[in-house]
Each structure stands twice: as structure tokens, then as C-alpha cells.
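Trainee: The structure that follows is given in the form of C-alpha cells.
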Amino acid sequence: MSARLPRAVGAFACAAVLAAAACSQVPGGPTAYAPIDPVWGNTYGYSDKRVGADEFSVFAAGNPATEAERVAEIALLRAAHLTLEHGRSHFVVVQRTARAVANEHLITVPIVMPGIFLPVPVDSKSTEEQVAILIVRLVAKGAEVPPEGIDAEAVVTHLAPRLGAN
């Protein structure tokens, strides 16, 4: 009887892994305000990159359950946070792009064997996902804020609670 218990536990663990993998394929709701981290499988959210002394490119991508407006808000909130992180109060949007992108996703089933985890493609699914890109310039400390300048604190106050960000 004790020899069957480890086998049953192993079968249960394998079933749990399969169920978790299947659930991870289904988006549970709109994209959260979080950094993109493909290493951990998070391909939605925001990323940023310095492109000049006071300029940053901010990229936001939403899963299929995310509206274009929310993706744009994620990018704008990240720009505001970047501004504050760099000790500035205002930023200017130099360039903006928003569009829908068609993506093809592989649906996989994991095969688990001792020491091996192998995702096997079983199907594919086409989706349309929203992306937004902002090029922002931080207003220098002590400089006059241009008319198109955006108050970073006001953006955070307005959008952070709405997007569930701190």
C-alpha cells in the first residue's frame, strides 16, 4: 500500500502542473500595471528605455482582454513614475503611437517526466493586442514648464488607483 501512495502523489502533482499550465493560457482579465518580464512569462505590461539624456521610450502592451485606453494609461502612468524617479515634476510627450497588433500564440500542453518539463504545441490562437509607445522628455529641474508639460504627480494621483498601482 505504501508503494502506491508515492505513485498517487506523483500522479496528483502531474495533474496539478497540467491544470496550472492550462489555466496560464487563459487571460484572467485586463493587463495589470506591472513591468514586462518575459523570463517569467509576463509579456504584458510596460517597459522603458533611456533614449537620450532626458528622454525615455515607454512601451505598454495589453493582453486581448485589455482595451486600448487602458494600455495608453499604463504607458502614461509609467512615464509619470519615471519622471518622479528621476527627481522631476513634469514631462512632455514628444511622440505617441497606439495600435492593435495581431499575434499568433501557441497553445501548449506540458509533458512532465523525471527531470524533464517539455511544452508540446497542440494548437494556435490568433489574438489582437493593443500597444502604446510614448517618447517622453523630462522637464529639467528649475526650467520653465512648457504649455504641453504634464504634471507627473497629477497623473499618478489620477491613474494609479484606477490601474491598481502604488
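The values are calculated or read from the model by the stated rules, or taken from the named source; none is laboratory data. Note that the structure is predicted; figures quoted are calculated from it, not measured. Virtual Cβ from ideal backbone geometry, glycine too; neighbours counted across all protein chains shown.
Trainee: Within region 144-166, can you find the residues that are surrounded by 12 or more Cβ atoms within 10 Å (Cβ to Cβ) and either within 11 Å of TYR33 (Cα to Cα) or modelled with pLDDT under 95 (or both)? Even if it seems obvious, please write down each step before you answer.
Mentor: To start, the set of residues in region 144-166 that are surrounded by 12 or more Cβ atoms within 10 Å (Cβ to Cβ) comprises 145, 149-156, 158-160, 163, 165.
Residues satisfying the conditions are LEU159, ALA160, LEU163, ALA165.
Trainee: What is the residue count in region 29-43 for residues that are surrounded by 12 or more Cβ atoms within 10 Å (Cβ to Cβ), without any contact (Cβ under 8 Å) to a residue 60 or more places away in the chain and assigned to a loop (DSSP other than H, G, I, E, B)?
Mentor: Result for region 29-43: 5.
Trainee: On to the next question. Within the group ALA32, ALA53, which residue is under 26 Å from THR157 (Cα atoms) and either at pLDDT 90 or above or among the basic types (Lys, Arg) (or both)? Spell out the reasoning first.
Mentor: Working: ALA53 fails: under 26 Å from THR157 (Cα atoms).
On inspection, the qualifying residue turns out to be ALA32.
Trainee: In addition: Restricting to region 87-102, and then to whatever is surrounded by fewer than 14 Cβ atoms within 10 Å (Cβ to Cβ) and of a type in the set (S, T, N, Q), can you tell me which residue is farthest from THR43 (Cα to Cα)?
Mentor: That would be GLN95.
Trainee: Could you run through region 56-95 and say how many residues are more than 18 Å from the chain's Cα centre (by Cα) and either closer than 10 Å to ALA132 by Cα or part of a loop (DSSP other than H, G, I, E, B) (or both)? Show your work before the answer.
Mentor: Of region 56-95, the ones more than 18 Å from the chain's Cα centre (by Cα) are 83-95.
Now restrict to residues that are either closer than 10 Å to ALA132 by Cα or part of a loop (DSSP other than H, G, I, E, B) (or both): 86-89.
Total meeting the criteria: 4.
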